[in-house]
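Values quoted throughout were computed directly from the atomic coordinates according to the rules given, and no laboratory measurement underlies them. All of these numbers come straight from a predicted model, not from anything done at the bench. Glycine also receives a Cβ, built like all others from the backbone with ideal geometry; neighbour counts cover every protein chain displayed.
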Amino acid sequence: MRISTLCTTLFVAGSLLVSAGCAEHDDGRAPAAKPRPVKAVAGCAKGWTDPADLAPGRAPARCVKGAPAPRPLAKKRRLVLATGTLAAEYVAPLEVAVEKGEFKKEGLDVRLKVLPTPDALPLLAKGDIDAQWAAPEAAVMNGIRGGFDIKWVAGNFSPDPASKSGLWARLKNGETASSVSMKGRRMGTMIGKGSVVTYAMEKALQQHGGGLNSIGFQQLGSADVLTALQNGGVDSAWLLDPVWRKVDGNAKYTFLGGQPLGEPLGGLLFGPNLLAKDPDAGVAFLRAYIRTVNTYFAGDYKADKGFTASLAKLLKTDEPVLTSTPSLRMDWEIRKGTTDRLQKAYRDAGVSQGDPIPEDKVVDRDLYGEAVGHRP
């Protein structure tokens, strides 16, 4: 087999331009690995759910507390994981895993490095970092289409049904919450059209007479989105936790919808280091992550005041701010068809071109399946 060489790939997602090296093989892809043996894992009888179950009320997979048990690697391994922030609640399982020594139990020395997705993505593809806590955004899809050996290997969370993080609109004269028309509205958002939230946004718009091509977008800083909605600079906005609490209960505004319940839209991306070179370390990483979810985030973790206090300190936020929104439903699984739905939204938004990438070229459920002892 010919030794891999480096090539340069350029891809555009909206206004995002990334230039990076990627591995090129005779067929353009790394050769398929043989199936890995999977052993039953104690305490994880309910550690896998059917990916095709898209019911909003689906209970996320769970193992018992402390499971799956650690299986330390024969040789210690240092891994670098990039994340766009360390202050967001959805990153908490990784930070807790580091703090509680869950990665160390697996023989892993995991370093969390703050890097924006555009900066981290080419490093992941080249193997300069090992993993990324992000999402299959348009830039990721375009990178995979261009030859990047990257896959989405685990989910992160879905919202609690009581959450109102998502699309909010100011009511016009004569409108009620059930009669809002989004056609022609101007939306304020700090998230571009190439983000996974485009999929959630499109679903909410379609329920209220609009679409991605029938509204105007105004990209704003995180501190400006709410202000623009309140002072009339925009008449709708995508408000995240805990910002939406500022308008909740105000008769001038209405919540139109957010991220689909029970469907994670982000999580862990692995590059060639953990997909092909050292999948044992990849499974060990996922084992520690999953064990952390089962031990500390299995249910309404904010009901534990002691844990909430320590979590607020870890996230460097005020405890009242953290407890002002419901607990996230941490979920390491990936639903069937999510990447198909995301790609449709990207095409509708005009930030992705070309044929859709099949799910098996983007998603790998085998590693977290192995971690919980699921046999395909």
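Side notes on the structure shown:
- Fewest-first ordering of D235, D130, D331 by other beta carbons within 10 Å of each residue's beta carbon gives D235, D331, D130.
- Read-out Rg and Dmax of the Cα atoms in Å, derived from the coordinates shown; its label in (1) 25.3, 98; (2) 20.8, 69; (3) 22.5, 76: (2)
- Above-threshold pairs, the threshold being 26 Å between Cα atoms, out of K203/K302; K65/K104; K76/K302: K203/K302; K76/K302
- The angle between the Cα long axis of helix 197-206 and the main principal axis of the chain comes to about 40°, on a 0 to 90 degree scale.
- The chain: angle of helix 305-315 to the longest principal axis, Cα-based, in degrees nearest 10: 90
- Out-of-range pairs (alpha-carbon distance over 27 Å; input K277/K313; K183/K361; K39/K361): K277/K313; K183/K361
- Rg/Rg_globular for the range 166-258, with Rg_globular taken as 2.2 N^0.38 Å and Rg from C-alpha atoms: 0.95
- With the helix formula -39500 (n - 2.57) applied to DSSP H stretches of n ≥ 4, the chain reaches a computed 222 nm mean residue ellipticity of -7500 deg cm²/dmol.
- Sorted largest first, the spans of the alpha carbon positions of the range 219-331 along the three principal axes are 53, 35, 26 Å.
- Cα-based helix-to-principal-axis angle, 117-126 vs the chain, degrees rounded to 10: 20
- Gap separating the Cα centres of the range 50-85 and the range 314-376, nearest whole Å: 13
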